[in-house]
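Asker: Following this message is one structure expressed as structure tokens.
Just so it is clear, none of the values below were taken in a lab; they were calculated from the coordinates. The structure displayed is predicted, hence computed values, not measured ones. Positions of Cβ are backbone-derived with ideal geometry, glycine not excepted, and every protein chain shown enters the neighbour counts.
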Amino acid sequence: MNPEVYKKELAEIKVQLEDPSIYSKPEYPALAKRANELEGIVALFNDSDKFTNQEAEALQMISEGGELGELAAMELDDIKAAKLAAEQALQEALIPKDPNAEKDCIIEIRAGAGGDEASLFAAELYRMYARYSEVHRFRVELISESPSEVGGYKEIIFGMKGENAYKTFHLEAGVHRVQRVPATESQGRVHTSTVTVAVLPEAEETDVEVKDSDLRVDYYRAGGHGGQSVNTTDSAVRITHVPTGIVVTNQDEKSQIKNKLKAMSVLRSRLLQFRIDAENEMLSAKRKALVGSGDRSEKIRTYNFPQDRITDHRIGYSRSNIPGALSGQIDDLIEELKKAEVDILRSES
């Protein structure tokens, strides 16, 4: 943690920002943001040095005794606390930032094992995130949906727009397990069902290069629920990324062009997540356990209705009030996961 490295980088960026032509260049926002980050880091280094010096001076006065020594002894605990807070803030500031943290994200919820019960829980999870977003000023934009016959979702894909959306929701990715007695269960037996949640950073065209030659695009007639036709034109779109085998379909819009744009947005985000998953293979075991694997096979959280208990298995955190959580009151779950992630990053930095 050599402060001179950061001071040198800040000085170099400031020279670039002094050039009036920089404001019209595409790299200006990133440079300005980095300069702001570096100014904060340098200020924290200065705070840490200041409190370290104050602590040394206080200890010297205490060793010399007298009235000044008594005053220094009274202030020593406060100085040590301030020094510790500055050092912790500096450690956190030096943690490498996720380049996707501030992006909007795309959330995909799919019913897994459990049939109708899984589809109903998929709908409940969608409403949970939608209601959480209302309180925290995120905006939900439906991309595509595949309703089930019982009023749930076989699959629903939606965008989450807002500051630090991906950072907020990325640890929701994985298999969510629900244990409860279905309404159709006559003998009161508890059933276990699963729903898979994928959280993708919304990729810009500059984030992922997608070659037209790598795509196979098929158009077909959109079908409604139960097989009825809802469109007399071939507006539905299926895009296959041949190198990875990723397939994206969209038929929610009547316009073929709009369906293709939505499908391409999801495809770019899945390709970016594909790259992130590959990079995650290099992470430590602790971080892997937290962020999950590319196949989303882990059961990350269980919603046990008979015991009214939610357990996040990655961090060993449990709470009650499932109805409250499903109405969007999941601040504690999200914050506990964030703290666990910061603690792991801090220990590795």
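Asker: Could you tally the net charge around THR311, taking each other residue with its Cβ under 12 Å from the Cβ of THR311, Lys/Arg +1 and Asp/Glu -1?
Answerer: Net local charge, THR311 excluded: +3.
Asker: Next question. What FRET efficiency comes out for GLU134 versus ARG238 if R0 is 25 angstrom and r is the Cβ-Cβ distance? Round to the nearest 0.05. Kindly include the intermediate steps, with their values, before the conclusion.
Answerer: Numbers: r = 33 Å, r/R0 = 1.32.
E between GLU134 and ARG238, to the nearest 0.05, is 0.15.
Asker: Now a separate question. How many lysine pairs in the range 3-93, separated by 8 or more positions in sequence or lying on different chains, have Cα atoms less than 23 Å apart?
Answerer: Close lysine pairs under the 23 Å cut-off: 11.
Asker: Moving to a separate point now. Can you give the FRET efficiency to the nearest 0.05 for GLN60 and LEU84, using r as the Cβ-Cβ distance and R₀ = 22 Å? Write down the numbers at each step before the final one.
Answerer: On the way: r = 20 Å, r/R0 = 0.91.
Rounded to the nearest 0.05, the efficiency is 0.65.
Asker: What FRET efficiency, computed as 1/(1 + (r/R0)^6) with R0 = 30 Å and r the Cβ-Cβ distance, is obtained for ASN280 and SER213, rounded to the nearest 0.05?
Answerer: Numbers: r = 28 Å, r/R0 = 0.94.
Efficiency for this residue pair is about 0.60.
Asker: Give the percent of DSSP beta bridges with both residues in the chain that are antiparallel, rounded to the nearest 5.
Answerer: Among the beta bridges of the chain, antiparallel pairing accounts for roughly 90 percent.
Asker: Can you list the trypsin sites (Lys or Arg not before Pro) in the range 7-83 that are in a DSSP coil and have 11 or fewer other beta carbons within 10 angstrom? Before the final figure, lay out the partial values.
Answerer: Values: sites: LYS7, LYS8, LYS14, LYS33, ARG34, LYS50, LYS80, LYS83; in loops: none.
Here no trypsin sites (Lys or Arg not before Pro) fit, given the DSSP loop and packing criteria.
Asker: Please give the calculated 222 nm ellipticity per residue for the chain, where each DSSP H segment of at least 4 residues contributes -39500 (n - 2.57) and the sum is spread over every residue; nearest 500 deg cm²/dmol?
Answerer: Details: 9 runs with 160 residues, N = 349.
One gets -15500 deg cm²/dmol as the mean residue ellipticity at 222 nm.
Asker: By counting other Cβ atoms within 10 Å of each Cβ, how are GLU279, GLU87 ranked from fewest to most? Don't jump to the answer; show the numbers that get you there.
Answerer: Working: GLU279 8, GLU87 16.
In increasing order of surrounding Cβ atoms, one gets GLU279, GLU87.
Asker: Between GLU335 and ILE22, what is 0.36 nm times their sequence separation minus the Cα-Cα distance? Round to one decimal in nm. Can you show the working numbers first?
Answerer: Numbers: separation 313, 0.36 × 313 = 112.68 nm, distance 3.80 nm.
Extending this stretch completely gives an extra 108.9 nm.
Asker: Now for a different question. Express in nm, to one decimal, how much length is gained between LYS14 and GLU92 on full extension, taking 0.36 nm for each residue of separation and deducting their alpha carbon distance.
Answerer: Values: separation 78, 0.36 × 78 = 28.08 nm, distance 2.36 nm.
That pair, LYS14 and GLU92, stretches by 25.7 nm at full extension.
Asker: Work out, step by step, the length gained on full extension between ASP343 and VAL5: first 0.36 nm times the residue separation, then minus their alpha carbon distance; give nm to one decimal.
Answerer: Numbers: separation 338, 0.36 × 338 = 121.68 nm, distance 2.43 nm.
Value of the extension gain: 119.2 nm.
Asker: Taking the range 92-228, how many lysine pairs are there with alpha carbons less than 24 Å apart, if each pair must be eight or more places apart or span two chains?
Answerer: On the way: LYS97/LYS161; LYS97/LYS167; LYS103/LYS161; LYS103/LYS167; LYS103/LYS211.
Lysine pair count for the range 92-228: 5.
Asker: Determine the shape class of the range 3-93: with a ≥ b ≥ c the square roots of the Cα gyration tensor eigenvalues, call it rounded for a/c under 1.5, and otherwise prolate if a/b is greater than b/c, oblate otherwise.
Answerer: Values: a/c = 4.91, a/b = 3.47, b/c = 1.42.
Here the range 3-93 falls in the prolate category.
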